[in-house]
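I have placed the structure first, in the form of structure tokens, so that the comments after it can refer back to it.
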Amino acid sequence: MKQTLVLKVNSLQPDIEKVRAAANIIKEGGLVAFPTETVYGLGADALNSKAVLALFEAKKRPRDNPPIVHVQKINDIYRIAEKVPPMADKLMKEFWPGPLTLVFKRLKSVPDVTVAGLDTIAVRMPKHAVALALIRESHCPIAAPSANLAGKPSPTSAQHVLDDLNGQIDAILDAGPTCIGVESTVLDLSVDPGLVLRPGGTPLEALRRVLGDVKLHPFVVAEKDLPIETTRSPGMKHKHYAPKAQVILVEGAVSAVMATIKSLIRTYWLQDKQVGVLATGETAWAYEAEVVKSLGSRRNVDAMAANLFRLLREFDEENVDVIIAESVPTEGLGLAVMNRLRKASGYNIIKAE
Ligand code: TXA
Ligand code: MG
């Protein structure tokens, strides 16, 4: 156990002294959690294999699942990426800084642990003053997976990070809650058309406006566990975003979903189970269960994304046995919300008719 240093900073104009203190820890091979616009990341010097190994250990992350490497300016990618297709230039201009991760062929000089032995590397430039200042002051690309214990929902506040990793990491830059709330979109450009490996903060619709054609990896919209051979992004095959309670996702038209959830509540109630319902602003009133939480209005997928991981963590604190979740519209960030809910449920999906 070590003492985790908590450095509170302003999210728009962070105190440079505190950022430098955090950067010094990174330079010395330590681990610093920091906010991005999506979720908090756990950072280490991407070019220091010992530091990256420590990062995997702190998170208890499987070694075959590489982190995303964060840069502060476009030119920094040439320190780690070998081939940058022309399409990527267009995307970086349009979406960086922002929640879009691009997968490139990597340079041999990047340590194997950082890329889990792959010949590619996932890179993004975050849109957050604290993250950008930390990378700039550290003078290195920063490897940063989400700052949660492996298998837990990603952290959208400093408290979430401390709940999982207090005493395991050197410091955290606390700039309050993150604004997008789901992780970045991961796009593979080594194939044509580009392939979304993980839906996230950059909507598919926005990518299609710039690229024309973009495909979704089958895993992104999967309704069951796909065989590992079809996975392209190592993270796909690992259990993810799982709260302690069993999650059941009910999909379909709103009225059918509501009827199915009401009947499930009755069934679990008869089994003496504590039931939580993850509902929406329009429907939460209708359920009589131990805990009912609203993701937000069905008309505001951005707000639902921002609330998702916090609510999953809150359910755990209330010790419910099951969480029954409503499906949400899949446009915009809704696609990422549904992808996370499907994974959190372990593909325990009920079709309401
Ligand atoms: O918003 C985000 O992306 C956050 C913040 C901290 O930036 N980071 C994040 O990192 O979510 P992480 O490590 O939790 O997720 C990284 C994802 C995993 O699904 C991983 O498998 C995939 O990116 N990935 C990493 N390197 C890859 C590669 N070379 N090819 C394909 N997928 C890769
Ligand atoms: Mg993660």
Problem set entry | Of all residues in region 178-206 being crowded, with 16+ Cβ neighbours inside 10 Å and without any contact (Cβ under 8 Å) to a residue 40 or more places away in the chain, the one that is nearest to residue 250 (Cα to Cα) | 196
Problem set entry | Pairs with Cβ under 8 Å, 6+ apart, first in region 125-150 and basic (Lys, Arg), second in a loop (DSSP other than H, G, I, E, B) and within 16 Å of ligand 2 (Cβ to nearest atom) | 127/36; 127/37; 127/99
Exercise. Can we say residue 18 is surrounded by 19 or more Cβ atoms within 10 Å (Cβ to Cβ), in a helix (DSSP H, G or I) and in contact (Cβ under 8 Å) with a residue 40 or more places away in the chain?
Worked result: yes
For this session: Out of the residues in region 207-241 that are under 19 Å from the mean Cα position of the chain (by Cα) and hydrophobic (A, V, I, L, M, F, W, C), state the one that is modelled with the highest pLDDT.
Result: 207
For this session: With respect to residue 128, determine if the residue is modelled with pLDDT of 95 or more, more than 16 Å from ligand 2 (Cβ to nearest atom) and within 18 Å of the chain's Cα centre (by Cα).
Result: yes
Seminar exercise, completed: If we keep only residues of region 23-38 that are within 20 Å of residue 154 (Cβ to Cβ) and out of contact with any Phe, Trp or Tyr (no Cβ under 6 Å at 6 or more places or on another chain), then the residue surrounded by the fewest Cβ atoms within 10 Å (Cβ to Cβ) is 37
For this session: Would you check if there is a residue in region 117-129 being aliphatic (A, V, I, L, M), farther than 21 Å from residue 174 by Cα and surrounded by fewer than 22 Cβ atoms within 10 Å (Cβ to Cβ)?
Result: yes
Problem set entry | Filter result (more than 14 Å from ligand 2 (Cβ to nearest atom) and either touching a strand residue (DSSP E or B) at 6+ places or on another chain (Cβ under 8 Å) or part of a helix (DSSP H, G or I) (or both)) within region 52-68 | 52, 53, 54, 57
For this session: For region 175-188, indicate whether the set of residues that are more than 16 Å from ligand 2 (Cβ to nearest atom), farther than 19 Å from residue 32 by Cβ and modelled with pLDDT under 95 is non-empty.
Result: yes
For this session: Kindly indicate whether any position in region 109-116 is closer than 23 Å to residue 178 by Cα, touching a residue at least 24 places away in the same chain (Cβ under 8 Å) and of a type in the set (Asp, Glu).
Result: no
Exercise. What are the pairs, 6+ residues apart or on separate chains, where a residue within region 49-69 that is in contact (Cβ under 8 Å) with a residue 40 or more places away in the chain has its Cβ under 8 Å from a residue that is within 11 Å of ligand 2 (Cβ to nearest atom) and in a helix (DSSP H, G or I)?
Worked result: 65/235
Exercise. Residue 2: among the charged types (D, E, K, R) and either surrounded by 19 or more Cβ atoms within 10 Å (Cβ to Cβ) or farther than 18 Å from residue 234 by Cα (or both), yes or no?
Worked result: yes
Seminar exercise, completed: For region 88-125 the number of residues that are more than 17 Å from the chain's Cα centre (by Cα), near ligand 1 (Cβ under 9 Å from one of its atoms) and part of a loop (DSSP other than H, G, I, E, B) is 3
Exercise. Can you tell me which of 36, 101 is among the polar types (S, T, N, Q), within 28 Å of residue 176 (Cα to Cα) and in contact with a strand residue (DSSP E or B) (Cβ under 7 Å, 6 or more places away or on another chain)?
Worked result: 101
Exercise. With respect to residue 163, is the statement that it is touching a residue at least 60 places away in the same chain (Cβ under 8 Å), within 25 Å of residue 30 (Cα to Cα) and buried (at least 18 other Cβ atoms within 10 Å of the Cβ) true?
Worked result: no
For this session: Quick one: which residue in 242, 256 is surrounded by fewer than 20 Cβ atoms within 10 Å (Cβ to Cβ) and assigned to a helix (DSSP H, G or I)?
Result: 256
Seminar exercise, completed: Listed by first then second residue, the pairs whose first member lies in region 283-295 and is at pLDDT 95 or above, whose partner is basic (Lys, Arg), with beta carbons under 7 Å and at least 6 positions apart or on separate chains, are 287/262
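The values are calculated or read from the model by the stated rules, or taken from the named source; none is laboratory data. Please read these numbers as outputs of a predicted model, since none were measured by experiment. Here Cβ is always computed from backbone atoms with ideal geometry, including for glycine, and neighbour counts include all displayed protein chains.
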